[in-house]
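The next block holds one structure in the form of structure tokens; read it before the comments.
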Amino acid sequence: MDEQAKRRQDGPPKWRRTWAGGLALWLAATLAQAQGLSWEHGLRSDAPERYTVVRGDTLWDISGRFLRHPWQWPEVWQVNPQIRNPHLIYPGDVITLQDCNGRPCLGLERGQNVVRLSPEVRRVPVREAIETIPLDTVRHFLRDHRVVDDPDTLDELAYVVAGNDRRIISGAGDRIYARGELQRGQRYGIYRVGERYHDAASGEALGLELISIGRAQAERSEDDIALMQVLSASQEVRNEDIVLPLEERELVSEFVPRAPDRDIEGTILAVPGGVRFIGRLQVVALDRGRRDGLETGHVLQVEQQGERVVDPRTGESLRLPGTDAGLVMVFRPYEKMSYGLVMQATRTLEVGDRLYNPRRGVGVAQR
């Protein structure tokens, strides 16, 4: 009897794995409808029997130790409302892979007690939590970047017209003059115009990137000219820099990785900062947004473009088929475009690489 047949006869083994670090686990919002993974599909063939999580691990990385596709993690959580305290994972905890009605699910060993994991979320201090993804990378980016959906509105935004005492550039502690509707006592962000994003095929304007320069507070105004004090500045403040109300951008810390609800076909639009070649944990701009159905947590497969070659018989130029090369998770969707974080890259990605719905894992886990 081969190993595969023996597995079907004996039923799935109850493998055990370990995790550590305090974490608010991400909520599997669609768990009730999920079909879940089977013992023959989606599990890595080299998954360890046990794994002890150390500080610095992320939930995505740990999931990748036993799932072929880490973004399918929420599908293996088992709901058990009788357990009230297993929603967090701490150093030394042990995760066990168990059989739940013929499908794999995860349980938690804490000390001498064994409990069943639930996908509910509890908030704990950041210093204790294992993060779902490297949130510091995302926080830093969101602090320094924002997008204006309609670039044509740029002329309507408030802007710096001069520095105090005829200064051409200003910094923290200096006073500047800005033109626009600015409210006395309110704090504003100062931004420099970055890249203008356009759809490569249609030419449609998708958004205007604004890069944070600093913060200022409006002290008084006369007509449409306001005197402002620069409170902080990461770069020098210049004439024509944009002045906007600060965004309320609380970072979602419990990402629910999942495939989009509708078919997506797009491309990597750009890499903020002008880099062309892309690796893991780099932020990328995508040419699809909320109007296309993208939401925070949506995972997209990246297909690297095939090489262009010349047909040796006909002489015509041909594009070879593309190759799956990575995964991107959306963390900030705008109306016409989005920002995503590269979670996996099996080869160097590039601007122009294709994006589409990820394929579900079908690999057999041989034990």
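The values are calculated or read from the model by the stated rules, or taken from the named source; none is laboratory data. Source: prediction; values computed, not measured. Positions of Cβ are backbone-derived with ideal geometry, glycine not excepted, and every protein chain shown enters the neighbour counts. Heavy atoms of the whole protein, side chains included, go into the accessibility calculation; ligands, DNA and RNA do not. Shrake-Rupley method; radii C 1.70, N 1.55, O 1.52, S 1.80 Å.
A few comments on the model shown:
- Test: residue in the stretch 73-92 that is of a type in the set (Asp, Glu), within 25 Å of THR296 (Cα to Cα) and at pLDDT 70 or above: no
- Screening GLY322 on (1) closer than 22 Å to VAL138 by Cα; (2) touching a residue at least 24 places away in the same chain (Cβ under 8 Å) shows it passes everything except condition (1).
- Residue pairs whose Cβ atoms lie under 7 Å apart, sitting 6 or more positions apart in sequence or on different chains, and linking a residue in the stretch 193-211 that is free of Cβ contacts under 8 Å to residues at least 24 places away in the same chain to a partner that is surrounded by 13 or more Cβ atoms within 10 Å (Cβ to Cβ) and among the small types (Gly, Ala, Ser), are HIS198/ALA205.
- Number of positions in the stretch 212-241 that are open to solvent by 10 Å² or more (accessible area, probe 1.4 Å) and either charged (D, E, K, R) or assigned to a strand (DSSP E or B) (or both): 18
- Among the criteria (1) open to solvent by less than 30 Å² (accessible area, probe 1.4 Å); (2) outside any strand (DSSP E or B), the one LEU244 does not fulfil is (2).
- A single entry from ASP144, ASP152 fulfils the requirement of being over 26 Å from GLY297 (Cβ atoms), within 33 Å of the chain's Cα centre (by Cα) and among the acidic types (Asp, Glu): ASP152.
- Looking only at the stretch 262-296, residues that are within 18 Å of the chain's Cα centre (by Cα), free of Cβ contacts under 8 Å to residues at least 60 places away in the same chain and more than 15 Å from GLY207 (Cα to Cα) come to 5 in all.
- Close pairs (8 angstrom Cβ cut-off, 6 or more residues apart or separate chains): touching a residue at least 40 places away in the same chain (Cβ under 8 Å) and assigned to a helix (DSSP H, G or I) in the stretch 132-143, open to solvent by 10 Å² or more (accessible area, probe 1.4 Å) and polar (S, T, N, Q) anywhere: LEU135/SER253; ARG143/SER212
- Residue in the stretch 330-339 that is under 30 Å from SER45 (Cβ atoms) and open to solvent by less than 60 Å² (accessible area, probe 1.4 Å) present: yes
Here's the yes/no breakdown for (1) in contact with a Pro (Cβ under 9 Å, 6 or more places away or on another chain); (2) over 23 Å from HIS69 (Cβ atoms); (3) surrounded by 22 or more Cβ atoms within 10 Å (Cβ to Cβ):
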| position | (1), (2), (3) |
| --- | --- |
| ARG291 | no, yes, no |
| LEU294 | yes, no, yes |
| HIS298 | yes, no, yes |
| VAL302 | no, no, yes |
| ARG308 | no, yes, no |
| ALA325 | no, no, no |
| THR346 | no, no, no |
| GLU350 | no, no, no |
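- Here THR267 fulfils each of the conditions (1) open to solvent by less than 70 Å² (accessible area, probe 1.4 Å); (2) among the hydroxyl-bearing types (Ser, Thr, Tyr); (3) assigned to a loop (DSSP other than H, G, I, E, B) apart from (3).
- For the stretch 178-194, the tally of residues that are of a type outside the set (A, V, I, L, M), within 14 Å of ILE242 (Cβ to Cβ), open to solvent by 30 Å² or more (accessible area, probe 1.4 Å) and part of a strand (DSSP E or B) stands at 2.
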